Amino acid sequence: MILVDAHQHYWRPGRGDYAWLARAPEALRKDFLPADLHAERDAAGVQASVLVQAAPTEAETRFLFDLALDDRCVAGVVGWVDLEAIDACARIARLVRDGGGLLRGLRPMAQDIADPDWLARPSLDRAFDCLQEHDLAFDALVDLPRLPALHHRLDRQPRLRVVLDHAAKPDIAGDGFDAWATAIHALAQRESLHCKFSGLLTLVAPGADDDVFEPFAQHLFASFGAGRLLWGSDWPVLTTHGSYARWLQLAQDLAARYAPGREADIFGGNAMRFYALDVTTDSPRTSP
């Protein structure tokens, strides 16, 4: 079985474009680069990963391209473009060219945009058309208040290839199951929509037992099925609550309970198909 991490990050705060880190735990306000992950990822047996943007700049996307050249496990990059720019399509085309086959998707940081209806703006239509023209995926970084806008986006562009990041960040530490579960069930009716089985551990309150997020995981399996869930580590955000190996084992235990026999899809196959990655045990990098 080929293991693929569908969601991990690298960053270097000194670059100056990670504004959100000022509000993050202090432990995350430092460099997290390939050398910091290699040993843990190799020990876990993960052979490939998708590197996801963490700053709303094209410069950071190109920084990730450079890092990917030194990290044999990076099979693809999900980058960032200003989707409201007049020349958004030209910007997307340049990133596709400059990535040399690495760019597999784009992720606007919608959760950090004050307007919860931002994703539904007609001004974004042309840019989303261009994503499809370049066969790029859309990573939807949204929370519960932004799900209605995601619905509107998918109403207008139903063929858009979309994956929901971190299951829309349910309020696991609070009393947020019912509203989230209803919204997730409605979204999952869109059969083209996928969901990342990632980020759950970091939403658990300090000191809580691991089984606190099991109802959320169970609902994801029931809603999306094993064919539309992509496991991801969300490293290094993960490090505030546990190790790479710990989250992988917890996720594998849950998959064994709720989707027995489908582990190869959840922990690798779905990511390879969704992001069009050409990953083998001999050659983990995506083809240009």
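The values are calculated or read from the model by the stated rules, or taken from the named source; none is laboratory data. This structure is a prediction, so every number in the text was calculated from the model and none was measured. Cβ coordinates were reconstructed from backbone atoms using ideal geometry, including for glycine residues, and neighbour counts include every protein chain displayed. Heads up: the accessible areas ignore ligands, DNA and RNA and are worked out on the full protein's heavy atoms, side chains in. Shrake-Rupley method; radii C 1.70, N 1.55, O 1.52, S 1.80 Å.
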Here Rg/Rh (Cα, Kirkwood) for region 225-270 equals 0.99
With the chain treated as a Gaussian network of Cα nodes joined by springs under 10 Å, which of GLY45, GLY225, GLY14 yields the largest mean-square fluctuation?
-> GLY14
Rolling a 1.4 angstrom probe over the protein heavy atoms, how many square angstrom per residue are accessible across region 43-170?
-> 36 Å²
Region 1-92: GluC sites (Glu not before Pro) in DSSP coil with no more than 15 other Cβ atoms inside 10 Å | GLU84
Overall Cα dimensions of the chain - principal axes, largest extent first, Å | 48, 39, 38
Set Lys and Arg Cβ to +1 and Asp and Glu Cβ to -1, take the dipole of the chain about its Cα centre, and tell me which of HIS166, TRP180, ALA137 lies farthest positive.
-> ALA137
Does a label point 7 Å from the Cα of ARG126, set along Cα-to-beta-carbon, have any residues of region 79-100 with amide nitrogen under 13 Å, and which are they?
-> 83-92
Span-rule helices in the chain, defined as complete DSSP H runs reaching 18 Å or more along the axis (Cα) with Kyte mean at least -0.5 = 244-258
Could you state the per residue volume, in Å³, of the convex hull enclosing the Cα atoms of region 23-82?
-> 93 Å³
Roughly how much of ARG29 is accessible, in Å² to the nearest 10, using a 1.4 Å probe?
-> 120 Å²
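Over region 158-288, what number does the Rg to Rh ratio reach, with both radii from the alpha-carbon atoms and Rh per Kirkwood?
Using Cα coordinates only, the ratio equals 0.96.
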Heavy atoms of ARG104 accessible to a 1.4 Å probe, total area in Å² rounded to 10 | 40 Å²
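Defining a contact as two alpha carbons under 8 Å apart and six or more residues distant in sequence, what relative contact order in percent does the chain show?
After rounding, I find 22 percent.
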For TRP80, TRP118, the accessible-area ranking with a 1.4 Å probe, largest leading, is TRP80, TRP118
Length gained if ASP143 through ALA59 is fully extended, taking 0.36 nm per residue and subtracting the Cα-Cα distance, is 27.7 nm
What ranking of ILE2, ILE86, ILE184 comes out by heavy-atom accessible area, probe 1.4 Å, highest first?
-> ILE86, ILE2, ILE184
Suppose every K and R has +1 on its Cβ and every D and E has -1 on its Cβ; what is the size of the dipole of the chain about the Cα centre, in Debye to the nearest 20?
-> 540 debye
